[in-house]
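Shown next, in structure tokens, is the structure this report addresses.
The values are calculated or read from the model by the stated rules, or taken from the named source; none is laboratory data. What you see is a predicted model; the values in this text were computed from it and never measured. Please note: Cβ atoms are built from the backbone with ideal geometry, for glycine as well, and neighbour counts cover all protein chains shown. To get the accessible areas, we keep the full protein, side chains included, count just its heavy atoms, and leave off ligands, DNA and RNA. Shrake-Rupley method; radii C 1.70, N 1.55, O 1.52, S 1.80 Å.
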Amino acid sequence: MLKTIAVVILALATVAVAAQTKTVEYTVEGQKYKAHLATPDKGEPIADILVFPEWWGVTDYAKHRANMLADLGYAALAVDLYGDGQTTGDPQDAAKLSSALKNDPKKLHAISQAALDAFQAQDNLNDRPVAATGYCFGGFAALEFARTGAPLAGVVTFHGDLGTKNSDGGKNVKGKLLICHGADDPMVTGNDVMMFQKEMDDAHITYAILILSGAQHSFTNPKADQYGLKGVAYNKAADDASWTAMKGFFGDLFQTVKQNQ
């Protein structure tokens, strides 16, 4: 049986505003990367959030998620993990691109750190708490960054890969975690979830797992069905519920961070 930890949904007291966007560049091993930055149109951001995209790269969908976070009052950077803003709609290409980084954790960490450094180098974006979200492969990337000891106050994953090759497991994680997982996801199994729970329990990390009934892999992406992949499907109810859970998680997290400053 999976242990489902209740997630308290807290209202986020922010007013939706239009997002300002621009491209943020950084370089790793001579390769230029092009990320998408979204910031609130008015007022100072509440916090800075890295958005690690699905294995398709920094698509319009990934940019849209960053814009949605900016509408909530956050600064959000949709991270380019492949270089030159590369995207693909071919599952075989996506698998090759993502696998190359999964098998090269040092490079994945270097790219993630370069993205964070470039993010915080932006005007007025270097003195707030930092968190991350991740979708599918991006969930893996976000968790791997947290496992390196990156200064992330919190991480939220949506249908993310929970496994790791990091021998330290979760012992270097500094923040709290929210895992939004589809109950019918064939790519991240119940056993994967239980192994993740053990990893985090052994490391005494504060985490919550939201199990979404009827949801398969990639349940947040409205275009998921068009790829024709077995076990991959959009689920609006799960999408809405997980986004609401994320808002509550971040609202509570950053309120606590502010009180402890």
Output the residue which, of all residues in region 164-175 that are out of contact with any Lys or Arg (no Cβ under 7 Å at 6 or more places or on another chain) and modelled with pLDDT of 95 or more, is least open to solvent (accessible area, probe 1.4 Å). GLY175
Give the residues of region 84-94 that are touching a residue at least 40 places away in the same chain (Cβ under 8 Å) and touching a strand residue (DSSP E or B) at 6+ places or on another chain (Cβ under 7 Å), sorted by residue number. ASP84, GLY85
Condition test on TYR26, is it open to solvent by 10 Å² or more (accessible area, probe 1.4 Å) and part of a strand (DSSP E or B)? yes
ASP201 versus (1) over 30 Å from LYS174 (Cβ atoms); (2) touching a Phe, Trp or Tyr at 6+ places or on another chain (Cβ under 9 Å); (3) open to solvent by 20 Å² or more (accessible area, probe 1.4 Å): which is the lone unmet condition? (1)
Going through region 196-221 one residue at a time, which ones are closer than 23 Å to LEU50 by Cβ and in a loop (DSSP other than H, G, I, E, B)? ALA203, ILE205, THR206, SER218, PHE219, THR220, ASN221
Out of all the residues in region 236-252, is one or more open to solvent by 30 Å² or more (accessible area, probe 1.4 Å) and in a loop (DSSP other than H, G, I, E, B)? no
Please go through (1) modelled with pLDDT under 95; (2) buried (at least 20 other Cβ atoms within 10 Å of the Cβ); (3) not charged (D, E, K, R) for GLY138 and return the number of the only condition it doesn't satisfy. (1)
Those residues of region 142-153 which are open to solvent by less than 10 Å² (accessible area, probe 1.4 Å) and either at positive phi or touching a helix residue (DSSP H, G or I) at 6+ places or on another chain (Cβ under 6 Å) (or both) amount to PHE145, LEU152
Quick count over region 46-101, residues being acidic (Asp, Glu) and farther than 18 Å from SER218 by Cβ, is 4
Sole residue being within 30 Å of ASP90 (Cα to Cα) and more than 15 Å from the chain's Cα centre (by Cα), chosen from ASN172, ASN191, ASN221: ASN191
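Please determine whether any residue of region 113-126 is within 20 Å of GLY251 (Cα to Cα) and in contact with a Phe, Trp or Tyr (Cβ under 9 Å, 6 or more places away or on another chain). Break it down into steps so the answer makes sense when it comes.
Applying the first criterion (within 20 Å of GLY251 (Cα to Cα)) to region 113-126 yields 125-126.
Narrowing the set further to residues that are in contact with a Phe, Trp or Tyr (Cβ under 9 Å, 6 or more places away or on another chain) leaves 125-126.
Yes, that holds for at least one residue.
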Have a look at LEU50, LEU97, LEU77, LEU81 and point out the one that is touching a strand residue (DSSP E or B) at 6+ places or on another chain (Cβ under 9 Å) and in a helix (DSSP H, G or I). LEU97
In region 124-150, how many are within 8 Å of the chain's Cα centre (by Cα) and outside any helix (DSSP H, G or I)? 4
Has region 60-77 got any residue that is under 17 Å from TYR227 (Cβ atoms), touching an Asp or Glu at 6+ places or on another chain (Cβ under 8 Å) and crowded, with 17+ Cβ neighbours inside 10 Å? yes
Just one listed residue, out of VAL193, VAL188, VAL156, is free of Cβ contacts under 8 Å to residues at least 60 places away in the same chain and either outside any helix (DSSP H, G or I) or open to solvent by less than 40 Å² (accessible area, probe 1.4 Å) (or both), and it is VAL188
Can you report the number of residues in region 105-144 which are among the acidic types (Asp, Glu) and under 23 Å from GLN259 (Cα atoms)? 1
Scope region 213-232; condition open to solvent by 70 Å² or more (accessible area, probe 1.4 Å) and touching a Phe, Trp or Tyr at 6+ places or on another chain (Cβ under 9 Å); matching residues: PRO222, LYS223, ASP225
Need the failing condition index for LYS176 against (1) touching a residue at least 60 places away in the same chain (Cβ under 8 Å); (2) within 28 Å of GLN255 (Cα to Cα); (3) out of contact with any strand residue (DSSP E or B) (no Cβ under 7 Å at 6 or more places or on another chain), just the number. (3)
